[in-house]
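All remarks here apply to the structure that follows.
The values are calculated or read from the model by the stated rules, or taken from the named source; none is laboratory data. Everything numeric here is computed off the predicted structure, so don't read it as measured data. Reconstructed Cβ throughout: ideal geometry from the backbone, glycine too, with neighbour counts over all protein chains shown. Heads up: the accessible areas ignore ligands, DNA and RNA and are worked out on the full protein's heavy atoms, side chains in. Shrake-Rupley method; radii C 1.70, N 1.55, O 1.52, S 1.80 Å.
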Amino acid sequence: MNAEEYANMDQMETAHWYYAGKRDFARGWLLRVRPPTAADLLLDCGAGTGRFAKEMEAHCRVMVLDDHEEALRLLRTRFRPEQILSLAGDQVPLPAASLDYVTALDVLEHTPDDQAVVTGFHRLLKPGGVALVTVPASMALWSDWDVALHHFRRYSRPQLKALFPDAQWELLYANYTNVVVYPAVWLVRKWRKWFPQKGGQVRTEDKLPAPALNAVLRWLFVRPAFWRVPFPFGVSLVLVARKR
């Protein structure tokens, strides 16, 4: 991402319903499927500002991985040097079967070869280890926001599931999230496509809603992310898988 996008994210992540809600259900799924212990090790890939990993330190040991200097600068203010990793070429500099958890919150869409990234997750996890990923969903929602964040794609559920073949992974959950706001998001992004914003205008995604609305949107985002109802669409996708 651009440097200004990291700065904006760091300001917004604490309270904004989307960022805070994503951390809520990601942490909740890990606690449900394999409650962490103090000895377990989690690697947060594409850690960005590091807020999710910092919250997970209450449950297990954590390491953070990123390869953008803007992110690494932020991570150095929040983690010890030995907790911070950068890619060595295209490889994570950790031995095989060394991790209990791998998380990648809105990361795969930034990578040219997402299948290679998931193969790397499989290498790093111990048998029985858990991978949790979130990605933006539906190419119908592609917009200037995706361009600004350097996305390669948005996903359908079959596309995301195909990255985790049954021979290697036990799929625990894969579903659309952020379902309720989908019509509004679709409308806003189509409107911006038809009527481009002028320079200096703030995108809707970068605004913090009023506290009451922010709380409602966070609840509507988080609660359905645990439901087993197979939603037909959503703004995002979450997938939880266990290494066989």
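For Glu57, Glu69, the ranking by accessible surface with the largest value first comes to Glu69, Glu57, using a 1.4 Å probe. Cβ-Cβ distance of Arg78 and Phe226, R₀ of 25 Å, FRET efficiency by 1/(1 + (r/R0)^6): the value works out to about 0.35.
Remark: segment 144-188 carries 47 Å² of accessible area per residue (probe radius 1.4 Å; ligands, DNA and RNA excluded). Over all other residues within a Cβ to Cβ distance under 13 Å of Val102, the charged ones net out to +2, with Lys and Arg as +1 and Asp and Glu as -1. Please enumerate, by chain and number, the lysines with C-alpha under 30 Å from the C-alpha of Lys190, excluding those fewer than 8 residues away in the same chain. Output for Lys190: Lys22, Lys161, Lys198, Lys207. The stretch between Asp166 and Ser86, if pulled fully straight at 0.36 nm per residue, gains 25.9 nm over its current Cα-Cα span.
First check a/c for segment 36-123, with a ≥ b ≥ c the square roots of the eigenvalues of its C-alpha gyration tensor; if it is under 1.5, answer rounded, and if not, answer prolate when a/b is larger than b/c or oblate otherwise. Since a/c reaches 1.5 but b/c is at least a/b, the shape of segment 36-123 is classed as oblate.
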